[in-house]
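Working notes, structure below.
The values are calculated or read from the model by the stated rules, or taken from the named source; none is laboratory data. On a predicted model such as this, the values are computed, not experimentally measured, just so you know. Neighbour counts run over all protein chains shown; Cβ positions are idealised from the backbone, glycine included. These accessible areas exclude ligands, DNA and RNA; they are computed on the full protein's heavy atoms, side chains included. Shrake-Rupley method; radii C 1.70, N 1.55, O 1.52, S 1.80 Å.
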Amino acid sequence: MIEEAAKLLARSRFAIAFTGAGISAESGVPTFRGFNGLWKRYRPEELATPEAFRRDPYLVWSFYKWRMDLIRKARPNRAHYALAELEKMDILKAVITQNVDDLHRGAGTRNLIELHGNIFRVRCTSCDYRENLKESGRMGEFLQDKELPKCPKCGSLLRPDVVWFGEPLPRKELEEAFKLAERADLILVIGTSGVVYPAAYIPQIVKETGGKVIEINPEESGITPIADVFLRCPAGEAMEKLMDRIGRLL
Ligand code: OAD
Ligand code: ZN
């Protein structure tokens, strides 16, 4: 199976990757569904919808600050690094992620499309103010502040710059992702349950336009029925083996 996946990747002309929470599981970032998933312990409609934020911004902000604090301590794992390496080798052309954790960027991936936003970014609920707390160096101060975060420009409430249930995905990113999927002759799908739309269309588009689908996941997912190769394995181990085989093929 690994051999077959390595051959397909090495021979591909325009390969892309599509990732979900599972790729960051080995970095200590909790996934949403499945064993120990966040949506097992919490209800998404109380924490990750615009209605929840209107009803109880304190609760929603405390959930996001908790995750921001957890994620800022996480480091990319060997699967994130392997994808960055494949891009350097000019095999992988882009990484499309549903993750908000910034770990692909941390590993050095350059052509990164974040479909669901980024947990380190905040934006104003009224004006066009946006801030990346990693870049502004205000994260420590932000996390410690017990008050609701306010916009420095207009004083309105700030919100996490992530996509909540019931909200549209950022248009530019979604268009770019669909374009890449139409062009790709191979997609490496790693660590996603493949049940959240429109993101889950991406591997389907690759398949329908004649591309190959390689999936890495220790469990079956919504993508497994269309996978040409299914590596039933955690991301780190699978990517390490895959990189080893590719190295020998080239
Ligand atoms: P999920 O939590 O739904 O799925 C995580 C997947 O990762 C599951 O299929 C697991 O089997 C798999 N997995 C677990 N450990 C793994 C490992 N070590 N290596 C590889 N795979 C592993 O996460 P997503 O599919 O990313 O959206 O969820 C999609 C969206 O739903 C998220 O972006 C988020 C969520 O609610 C929003 O918040 C809008
Ligand atoms: Zn504002």
Ratio of Rg to Rh over segment 10-158 (Cα coordinates, Kirkwood Rh, two decimals):
1.00
Here segment 72-182 gives, from Cα atoms, an Rg and Dmax in Å of 15.8, 47
If I model the chain as equal point scatterers sitting on the Cα atoms and use the Debye formula, what is log10 I(q)/I(0) at q = 0.08, 0.10, 0.11, 0.12 Å⁻¹?
-0.31, -0.49, -0.58, -0.69
Which helices, taking whole DSSP H runs in the chain, have alpha carbons extending 20 angstrom or more along the helix axis plus mean Kyte-Doolittle at least -0.5?
57-72, 235-249
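When the gyration tensor of segment 132-179 is built from Cα positions, what are the square roots of 5 times its three eigenvalues, in whole Å, from largest to smallest?
On the way: eigenvalues 150, 38, 22 Å².
Those come to 27, 14, 10 Å.
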Any idea of the accessible area per residue across segment 69-163, 1.4 Å probe, to the nearest Å²?
47 Å²
With both bridge residues required to lie in segment 1-145, what share of the DSSP beta bridges run antiparallel, to the nearest 5%?
25 percent
Rounded percent of accessible protein surface that carbon and sulfur make up, the chain, 1.4 Å probe:
49 percent
GNM on the chain, Cα springs under 10 Å; top mean-square fluctuation among Gly155, Gly211, Gly194 goes to Gly155
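Kindly report the accessible area of segment 12-52 per residue (heavy atoms of protein chains, probe 1.4 Å, no ligands, DNA or RNA), in Å².
Working: 1900 Å² over 41 residues.
For segment 12-52, the per-residue accessible area is 46 Å².
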Cβ-based charge dipole, segment 159-250, positive-most Cα from Ala184, Val213, Ile223:
Ala184
Could you work out the percent of alpha carbon pairs in segment 110-246 separated by over 26 Å, rounded to a whole number?
41 percent
Given the peptides 158-166, 12-20, 231-239, arrange them by the average over their residues of other C-beta atoms within 10 Å, most packed first.
12-20, 231-239, 158-166
